[in-house]
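Notes follow the structure.
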Amino acid sequence: MTNPPYEIHDTDVLILGSGGAGLCAALHLADAPRSPRVTLAVKGLFGKSGCTRMVQGGYNVVLQAPDSLDAHFRDTLAGGQWINDQELAWLLVSEAPGRVLELENRVGCFFDRAPDGTVHQKPFAGQSHDRTVHKGDLTGIEIVNRLSEQVAATDTEILEEVRAVELLRDGNGRVVGALLLNLRTGGFIAARARATLLATGGGPTMYRISAPCHDKTCDGIAMGWRAGATLRDMEMVQYHPTGLLAADSQITGTVLEEGLRGAGAYLVNGEGNRYMHLYDEREERATRDVVSRAGYMEIMAGRGTPEGGVLLDISHKGAEFVMGNFKGMTLRCRDVGYDLAREPVLVSPTAHFLMGGLTIDTSCRSDLEGLYVAGEDAGGVHGANRLGGNGVAESTVFGGLAGDVLAETAAGLPDPVLDTAQVVAMIEKATAPLRREGAPTVYPLIEELKDTMWRKAGLVRDAAALEEAVGDLERLREGWAGAGCPGAPGYNLGWWDWLNLENLLDVSQTIVACALARDESRGSHYRSDQPNRDESALYHLTLREGEAPARRPVTLSRLRPEQAA
């Protein structure tokens, strides 16, 4: 077959992704006095896809004493095991109060109230104060619904079911937009833009059990990597302790939110015994890395359930309390035959979030000219472990910040110059599997990737298994290069998954490389052959395509560990 033709689309700012980061950026751009032309490309359906919509627990923010910005900052650094970018972490905690007020007063979100009428804040693990703002246990739906309504009312051009395939660069290496692919037609779009914002979300769906929505395949990180951007902290993959286990259902891995443990839920092993006191004095309210690893170790020690999980039990709080406070999760559990309000529910650690991503500065600029990054595509904010409730805060804070920066600077950026030969070469590569009649599909490769990453680069790692993973990933890439998905390009889901697999392989290889390079245990990165934290070497890892991971000293710009003791 011949390559599908491509059309050219011109805009000032191209936003890739429509979660909290992309939507806040679009709204801030629309509200600017001199609003540039903005195009928002959505891999799925506008307002109905992405991970922000799946947020249950809430949004960390300091609203009243005795909580303070300093306390939130210290908690964030302690949770991140002191490899956070402190300037980014400070932006997160200092801008969050204003962003929550904006979400209520400008966007129309309505968060739960305490009896006195103030915004209710519930407890989350790893935090010194109750600071998590929420809308029941369906906070993300509230935020995305209201943001989507407001963005839809602006002049933002919204492209639905249109994914980014590659970043476009001019002869000087400047990012000048992206090559897009329309799922419905199978046609390509060369989107030219003065500035491009990566806000696709991470989504470590290369693991056997994972929490993100299924359209998340680390697209933004992979595209930035292939374009030459610097990544950081890629070994730091967060696992949520309580992903729902529901056999082969696609709901397996979906998070049962941290507020359950904050409200007093117990974790029980397959022998009927609580176990968290054996791992941390904070018990069920320890940070996610600790609780996830504890559950995994119980399972691996043979004390899990026959299904390979552990049990989450909040039934002792009473059915009325559970239904009143966690209605969304109660109904979700009921859909797969569990009664969260009255009995223990089967759960497992689940791959949830990437602390790593593209390196950015405090204006959301990457080290590629013309490329900006916000949300889970960016690294540095969370260090070695993200506190629950800091994720949606990061997306909305840095999405709004990116929008503000781009509103001020986009008009003065150079006109984008398209390299036609580059576009043709990208289309040739992307359409190659459509021409491979009789070739194997990618689906066995995807299944093997999930098993490889879960068993060899998951919650507990060692050098031997990681070295095996290096070889496995190289072999899987060879299989991917020869896989086919013949047929018409429109709604060719096999082709879509072939593109997804390339991104997952790219990011998996960066995770494994950095996990091998960090020969200690810190935060979410646990090496059974190097189980102790190296207190003498406070560093983060950076990585560029074609180079080995490099150690960079952490800049302790605001606070040192000994000052927080």
| query | Has the stretch 306-321 got at least one residue that is modelled with pLDDT of 90 or more, closer than 25 Å to residue 136 by Cβ and assigned to a loop (DSSP other than H, G, I, E, B)? | reply | yes
| request: Could you please find all residues in the stretch 255-284 being in a helix (DSSP H, G or I) and modelled with pLDDT under 90? | output: 259, 262
| Looking at this structure, is residue 227 over 25 Å from residue 325 (Cα atoms) and in contact with a strand residue (DSSP E or B) (Cβ under 7 Å, 6 or more places away or on another chain)? | yes
| message | Need the failing condition index for residue 456 against (1) surrounded by fewer than 18 Cβ atoms within 10 Å (Cβ to Cβ); (2) of a type in the set (D, E, K, R); (3) in contact with an Asp or Glu (Cβ under 9 Å, 6 or more places away or on another chain), just the number. | response | (1)
| request: Scan 259, 264, 302, 270 and give me the residue that is free of Cβ contacts under 8 Å to residues at least 12 places away in the same chain and either farther than 27 Å from residue 507 by Cα or in contact with a strand residue (DSSP E or B) (Cβ under 7 Å, 6 or more places away or on another chain) (or both). | output: 302
| said: residue 82 - would you say it is within 21 Å of residue 404 (Cα to Cα), modelled with pLDDT of 95 or more and either of a type outside the set (D, E, K, R) or surrounded by 24 or more Cβ atoms within 10 Å (Cβ to Cβ) (or both)? | reply: no
| Qualifying positions in the stretch 362-382 - over 29 Å from residue 109 (Cα atoms) and in a loop (DSSP other than H, G, I, E, B) | 366, 367, 368, 369, 370
| field | Filter result for residue 402 (touching a strand residue (DSSP E or B) at 6+ places or on another chain (Cβ under 7 Å), at pLDDT below 95 and more than 28 Å from residue 246 (Cβ to Cβ)) | value | no
| field | the stretch 472-521, residues that are without any contact (Cβ under 8 Å) to a residue 40 or more places away in the chain, within 19 Å of residue 453 (Cα to Cα) and part of a helix (DSSP H, G or I) | value | 472, 473, 474, 475, 476, 477, 478, 479, 480, 509
| note | Within the stretch 506-549, residues over 18 Å from residue 358 (Cα atoms), within 19 Å of the chain's Cα centre (by Cα) and of a type in the set (Ser, Thr, Tyr) come out as 524
| query | Within the stretch 240-266, which residues are within 16 Å of residue 337 (Cβ to Cβ) and charged (D, E, K, R)? | reply | 248
| task | Output the residues belonging to the stretch 19-45 that are touching a strand residue (DSSP E or B) at 6+ places or on another chain (Cβ under 8 Å) and either at pLDDT below 95 or of a type in the set (Lys, Arg) (or both). | result | 37, 43
| Here are some conditions: (1) more than 24 Å from residue 12 (Cα to Cα); (2) in a helix (DSSP H, G or I); (3) of a type outside the set (S, T, N, Q). Residue 117 meets all but one. Which one does it not meet? | (2)
| query | Restricted to the stretch 112-132, and to residues that are of a type in the set (A, V, I, L, M, F, W, C) and in contact (Cβ under 8 Å) with a residue 40 or more places away in the chain, which residue is surrounded by the most Cβ atoms within 10 Å (Cβ to Cβ)? | reply | 124
| said: Please count how many residues of the stretch 525-553 are outside any strand (DSSP E or B), modelled with pLDDT of 95 or more and touching a strand residue (DSSP E or B) at 6+ places or on another chain (Cβ under 6 Å). | reply: 1
| request: Go through the stretch 179-219 and give me each residue that's of a type in the set (S, T, N, Q) and over 30 Å from residue 242 (Cα atoms). | output: 182, 185, 196
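The values are calculated or read from the model by the stated rules, or taken from the named source; none is laboratory data. What you are looking at is a predicted structure, and each value in this text was computed from that prediction instead of being measured. Don't worry about glycine lacking a Cβ; one is built from the backbone with ideal geometry, like all the others, and counts go over all protein chains shown.
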